[in-house]
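Read the structure below first, then the notes.
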Amino acid sequence: MRRVIAALVTVGAVGVLAACTDAERPGTAPAEAASGAASGTGIAPSAIRIVAERDANVRLWVSNQSFDDDPVTIGITIDGVELVARPFYVESQHNWTLVPIEAPAGRHIIHVVSDTGAELRESFTLPDAGRRYALVDSWYYPGNGGRHFTWSMRTTPIGFD
């Protein structure tokens, strides 16, 4: 697992997501992600990419919610296409980073890993039209469960969107 994260961080460091930083807020236009191999969904990898916020049909928000793992390096792929590979700082726990994504309609698989050993794999379906709002949070509080991610997707904006 740590080798996978190290590879993700290395790729991320050379520019896969160079424009996406903790300081990034809505209204910015991060760089497009490099293409990767699809993972059995039938979707062409180049069809999933990071775009300007106004062009995104998926607004994915990512956050580290653990003071004990600060920072935590998070890697996120959708259908094998790497979209995120970088450290996330907890700051005040009210710190989410927007990753605006364009993805075709249909079934997809999101895979989230961290350098702490947490992992999440979920499927979701995008409709032919409309925007979706998604959230990935990294969690760990000693004595209150292990390290894990939470995932949600909805049709309405998240309170801070």
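A short reminder: the numbers here are calculations on the coordinates, not readings from a lab. Since the model is a prediction, treat every value here as computed from it, not as a measurement. Virtual Cβ from ideal backbone geometry, glycine too; neighbours counted across all protein chains shown.
Computed extension gain for Asp128 through Ser152, at 0.36 nm per residue and net of the alpha carbon distance, reaches 6.7 nm.
Cβ neighbours within 10 Å, averaged per peptide: list 111-118, 87-94, 47-54 in order, most packed at the top.
Numbers: 111-118: 19.5, 87-94: 13.9, 47-54: 17.4.
Descending mean neighbour count gives 111-118, 47-54, 87-94.
The 3J(HN,Hα) values that the Karplus relation (6.51, -1.76, 1.60; θ = phi - 60°) gives for the stretch 138-143 are, in residue order, 9, 10, 6, 10, x, x Hz. Gly and Pro appear as x.
Using the Cβ-Cβ distance between Ser46 and Leu120 with R0 set to 35 Å, the FRET efficiency works out to roughly 0.90.
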